[in-house]
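The values are calculated or read from the model by the stated rules, or taken from the named source; none is laboratory data. Because the structure is a prediction, the values reported are computed rather than measured. All Cβ positions, glycine included, derive from the backbone under ideal geometry; neighbour counts span all protein chains shown. Ligands, DNA and RNA are stripped out before the accessible areas are found, and what is left, the full protein with its side chains, is counted by its heavy atoms. Shrake-Rupley method; radii C 1.70, N 1.55, O 1.52, S 1.80 Å.
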Amino acid sequence: MKRIVVMSGKGGTGKTTFTAALAAIAPLPIVLADCDVDAANLHLLLRPVAAQQQRFLAGALPVFDSRSCSHCGMCASACVFEAITLRHGQYAVDAAACEGCGICARVCPDGCISMTQRLTGHTIEAVSRFGQPMVYAQLCVGQENSGKLVTRVRQLTDERARSEGVDFVLVDGPPGLGCPAIAAMSGVDALLLLAEAGAAGAHDLARMIELRARFGMPAACIVNKADLDAVSRAGILERCEREEIPVLAEFPWSPLFPESLRQGRTLTEMPEAPFRASLDFIWTSLLNHGVTS
Amino acid sequence: MTIAVAGGKGGVGKTMVATSLALLLAREQDTLLLDLDVEEPNAHLFFDVRSAGSEEVRVMLPRVEEEYCDRCGVCQDVCAFHALLVLPDRVLLFPELCKSCRGCVVLCPVGAVVDDTKRIGVVEERILPRLTVLTGRLDVGCTDVPALIRAVKSRARTQAAANNLAATSRSTVTVIDAPPGCACAAVEAVRGADLTVLVTEPTPFGLHDLDLIAQTLRALQQRFVVLLNKAVPHDDSVQRWCEAERVALIGAIPLDDDVARACARGWLLPHALPWSAPLLLGILQRIEAFAEEQV
């Protein structure tokens, strides 16, 4: 099974737009995943049907039984995240600050703290309007553990591909370089890097390339908004050449991109199917040119 | 006063707005701009000035003193993050899994686990007239994002206090450039701000993610307003969302190739495009009015 993840470092470079466009013209059966679990968007373009939602529990949260509490304050002083405070005479946890380490429950001499699993998010298994199985997720408001939820989406995607006998997985990755990004990149066969020709895009791509070096998987690059800044574009092309990352295609800045989103269409579904040849070439390269090792 | 600029979706223009606001504020008063998108910090690219220095950020990491350790296994048992593995002859520590909770140090029955540190990134400082830009930069491969954000904020508080002691006029205002998303990093970045400006774009993606970050801020009881970027004629989806949600829409920046080019090149919008300066100044005045209102 080949797994390719679309990554960028910077947000808003077009990861979802291009993942959806590639899905729309996929020359082989694929399974799709959206690993941007904080703010999933792929389903907005692919409008999946037959969605089945599952709760995802991860991490832990303390629950206080105030009847046996002697107000010794050991829980609050042991919490390095400053998540436990005295409110109206009762100890309570700030769920957004709590990391779920459970040390409060262990140091409480009165045994009045128990740890419960917390609902971190939901995973959704569905079928895209192009008939491809797809898995995505929604993290609960302000939750930790987005990396774990990404890992769960990846597991479900692989299971789905195996059960359907599909050999190709295309993953829409999250922005950034932290837990969700690392979880999305772990164990994939190749990265499809989406760079934006700007100072920020070039800077962020460089850090993404550094992170990729730790994994060592092959990568290919798409340069988006390529006409916005010649200096940054040249820097991106030069860096890709140095890293032996083939640049598969370049796309201009165009109001057509947001317009296609507003119409709920993938790029190739717009009148005259703009960029169809470039998108076909990306597919050919992903399938034939060693990018997938 | 602290104003955070967030937005849920990536690429909506958070950094463009945060840098523009900081630039305009610094005309009148001491201003701090905190780049808390520590995974991919970009705000410094808009200021043509070298880093005046960077300070390492380290967080607690336990160290097991093997000569005192009797391999009882308590540390492994208490670690909710599976960062410790007690083997018959030694204890293995996985620094990248450790969340620095200190449980192993506190609960080791023989005191064999002690406090040590690990490096997670740096805070860079850039100094301009009346404006200090503090950038959190996570080391590539590290995941301690909230901890680094807290470190930059703590550094900023010290700086603001020093400014305020020296200042003769108005107190320091802080502008925060927050990371994309709605998870722990974004929450940590906007926590405690007097007002959060949610930048969005009139696309289904922008609206969907605006809705998520708005829910997040409501859960945190943080006040927020919306700023529409990449506005196009004949699309009032964001206006309608704001009316339905009773959230103030404080302005609109048009979808424009000059704006896109200026941003891509790392130019400050009020400098690069003279027509944008009065527009942004109006937006800033409305932000200040909202931020001051509640206190």
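Overview of results
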item	result
Calculated SAXS-style log₁₀ I(q)/I(0) at q = 0.05, 0.06 Å⁻¹ - the protein assembly as shown, Debye, Cα scatterers	-0.21, -0.31
Net charge contributed by nearby residues that have their C-beta within less than 15 Å of B:ASP258 (K/R +1, D/E -1)	0
Whole-Å semi-axes of the ellipsoid equivalent to the stretch B:29-162 (Cα gyration tensor, √5λ, descending)	38, 14, 11
10 Å Cβ neighbours from other chains, averaged over peptide A:176-187	5
Residue-wise HN-Hα coupling along the stretch A:38-43, computed from phi with Karplus coefficients 6.51, -1.76, 1.60 (Hz; x: Gly, Pro)	6, 8, 5, 10, 4, 5
Reference-scaled alpha-carbon Rg (2.2 N^0.38 Å with N residues) for the stretch A:121-274	1.14
Rounded to the nearest 10 Å², the accessible area of A:GLU210 at probe 1.4 Å	100 Å²
Kirkwood Rh and Cα Rg combined as Rg/Rh, chain B	1.06
Rounded to the nearest 20 debye, dipole of the protein assembly as shown from Cβ charges on Lys, Arg, Asp, Glu	540 debye
Order of exposure, largest accessible area first, which applies to A:HIS88, B:HIS271, B:HIS44 with probe 1.4 Å	A:HIS88, B:HIS271, B:HIS44
Taking the convex hull of Cα positions in the stretch B:244-295, its mean projected area over all directions (nm²)	4.8 nm²
Surrounding net charge for A:GLU99, when Lys and Arg each add one and Asp and Glu each subtract one, Cβ distance under 10 Å	0
Per-residue mean of C-beta atoms belonging to partner chains within 10 Å, peptide A:92-100	3
Probe 1.4 Å, accessible area per residue of the stretch A:142-293, Å²	37 Å²
Taking the convex hull of Cα positions in chain A, its mean projected area over all directions (nm²)	17.7 nm²
Cα-based radius of gyration of the stretch B:66-111 once divided by 2.2 N^0.38 Å, which approximates compact folds	1.04
Separation between Cα centres of the stretch B:266-295 and the stretch A:82-157, rounded to whole Å	37 Å
Kirkwood hydrodynamic radius of the stretch A:216-293, from inverse mean 1/r over distinct Cα pairs, in Å	13.9 Å
Accessible area expressed per residue, the stretch B:191-295, with surrounding protein chains retained (probe 1.4 Å, Å²)	44 Å²
Mean projected area in nm² (Cα convex hull; one quarter of hull surface) for the stretch A:80-157	6.9 nm²
Reduction of at least 10 Å² in accessible surface, 1.4 Å probe, comparing all protein chains with the chain by itself, residues of the stretch A:247-271	A:TRP253, A:PRO255, A:PRO258, A:LEU261, A:ARG262
Among the listed pairs A:LYS15/B:LYS153; A:LYS2/A:LYS148; A:LYS10/B:LYS153; B:LYS9/B:LYS99, those beyond 24 Å (Cα-Cα)	A:LYS15/B:LYS153; B:LYS9/B:LYS99
Dimensions in Å of the stretch A:30-94 - Rg and Dmax from alpha carbons	20.2, 58
Per-peptide average of other Cβ atoms within 10 Å, ordering B:136-147, B:200-211 highest first	B:200-211, B:136-147
Nearest-10 value in Å² for the accessible area of B:MET1, using the 1.4 Å probe	60 Å²
Debye log10 I(q)/I(0) at q = 0.14, 0.15, 0.19 Å⁻¹ for the stretch A:1-70, Cα point scatterers	-0.60, -0.66, -0.94
